[in-house]
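A.B. asks: A single structure is presented below for examination.
The values are calculated or read from the model by the stated rules, or taken from the named source; none is laboratory data. Because the structure is a prediction, the values reported are computed rather than measured. When we count neighbours, we look across all protein chains shown, and the Cβ atoms used for this are built from the backbone with ideal geometry, even at glycine.
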Amino acid sequence: MVRAVYTLRGAGMAAIDRIIASGANRVGLSRAAVARMVKARRSLAHLGTVRERRQLARTLEGHSAWTTFMPQELGYARLDAARFPGLDDAVAAGRSIVAEREAGALRGFESAKKPFFFNVLTPDDLTRWPALLGFALSPAIVEAATAYLRTVPRLHGFGVYLSGTNDSTISSQEFHRDEDAFHQVKCFVNLEDVGPDTGPFTFLPAGVTERVCRAVGRGWGSGRYSDAEVLAAAAPDAPIALTGPAGTGALVDTSRCLHFGSRTRHGRRAVLMFQFLPVPDVLLDKDKAYPAGYPLMEFPRAAAGDGLRALVLAPRG
């Protein structure tokens, strides 16, 4: 009964957000303005949760070695196995899953929306391979993300993604910023060696992104950018490509950093990717059923552990 009431309440709030967005769009407000209105509505509706998460984030100051790991001015930080226990185990688990899926010819996983980038991870895999969530919920990762976002975030999406050989430059293969929050932390870990032609995740640091967006007169929520307009405003060597051996990884604020991926001109790319969003986020598709190839959005509660991680795994309200 409680679950049913909660579900109905969630559906009602989602409908309110869509009404807000629809009305704002009709009067010509920008995507950023609409997002700010939705965020304000959700912040008021979940004021206690928002305060709790921010207060817990403040308690990390002076007590965690990870509070400055991801600089605000850069919007990213590279990972390495020496500093992040569990990274090697997560890579090994991801590689095993890729091998299993390929043995089954990947049937049922391909994404019609993004044939160049799709998730092959299943909910059962998270139980069978605990190293995956174990790495995402490790103190280093959670505390680094919490300190950067200044709030205890929520794990929103999780996947093991494949990008096969393609010749397209569409959708997320173009420069863009993610629009599900104004700030977020997304983790990328290569499961195999990735070279320049294997479709590496490629991004501009936050400061460079700000300069590019000012130069072209476009801000957050303005869609895709062509290579030409980005590179006309940034140095040719400004984009950072996440190339390297298996285990190469980074935490990146994909809401602040222009980025693209999966321009896989030769071979294929396999990558572990998961995402931390602040509470509230500004997504409008709360009732959406996610099709094949999309990230996992629900996680085993048994993995929650202590209070901080329980908040990270809390369902979206």
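A.B. asks: From (1) touching a strand residue (DSSP E or B) at 6+ places or on another chain (Cβ under 8 Å); (2) assigned to a helix (DSSP H, G or I), pick out the condition that doesn't hold for Ala77.
C.D. replies: Only one criterion in (1) touching a strand residue (DSSP E or B) at 6+ places or on another chain (Cβ under 8 Å); (2) assigned to a helix (DSSP H, G or I) is unmet by Ala77, namely (2).
A.B. asks: Does Val212 qualify as being of a type in the set (A, V, I, L, M), surrounded by 15 or more Cβ atoms within 10 Å (Cβ to Cβ) and without any contact (Cβ under 8 Å) to a residue 60 or more places away in the chain? Step through it out loud before you land on a result.
C.D. replies: Values: of a type in the set (A, V, I, L, M): yes; surrounded by 15 or more Cβ atoms within 10 Å (Cβ to Cβ): yes; without any contact (Cβ under 8 Å) to a residue 60 or more places away in the chain: yes.
When the stated conditions are applied, Val212 passes them.
A.B. asks: Using the structure shown, decide if Leu277 is modelled with pLDDT of 95 or more, farther than 14 Å from His156 by Cα, within 19 Å of the chain's Cα centre (by Cα) and not hydroxyl-bearing (Ser, Thr, Tyr). Steps first, answer last, please.
C.D. replies: On the way: modelled with pLDDT of 95 or more: yes; farther than 14 Å from His156 by Cα: no; within 19 Å of the chain's Cα centre (by Cα): yes; not hydroxyl-bearing (Ser, Thr, Tyr): yes.
No, not satisfied.
A.B. asks: Can you pull out every residue in region 95-127 that is of a type in the set (Asp, Glu) and either over 21 Å from Gln173 (Cα atoms) or touching a His at 6+ places or on another chain (Cβ under 9 Å) (or both)? It would help to see each step written out before you state the result.
C.D. replies: Of all residues in region 95-127, those of a type in the set (Asp, Glu) come to 100, 102, 110, 124-125.
Hits for region 95-127 are Glu100, Glu102, Asp124, Asp125.
A.B. asks: What are the residues in region 215-224 that are touching a residue at least 60 places away in the same chain (Cβ under 8 Å) and either among the hydroxyl-bearing types (Ser, Thr, Tyr) or within 25 Å of Thr243 (Cα to Cα) (or both), if any?
C.D. replies: Pass one, region 215-224, residues touching a residue at least 60 places away in the same chain (Cβ under 8 Å): 219-222.
Scanning region 215-224 gives a single hit, Ser222.
A.B. asks: Restricting attention to region 140-155, does a residue exist that is assigned to a strand (DSSP E or B) and either β-branched (Val, Ile, Thr) or under 20 Å from Val91 (Cα atoms) (or both)? Write out each step before concluding.
C.D. replies: First, pick out the residues of region 140-155 that are assigned to a strand (DSSP E or B): 154-155.
Of the ones still in play, those that are also either β-branched (Val, Ile, Thr) or under 20 Å from Val91 (Cα atoms) (or both) are 155.
Yes, region 140-155 contains at least one residue that is assigned to a strand (DSSP E or B) and either β-branched (Val, Ile, Thr) or under 20 Å from Val91 (Cα atoms) (or both).
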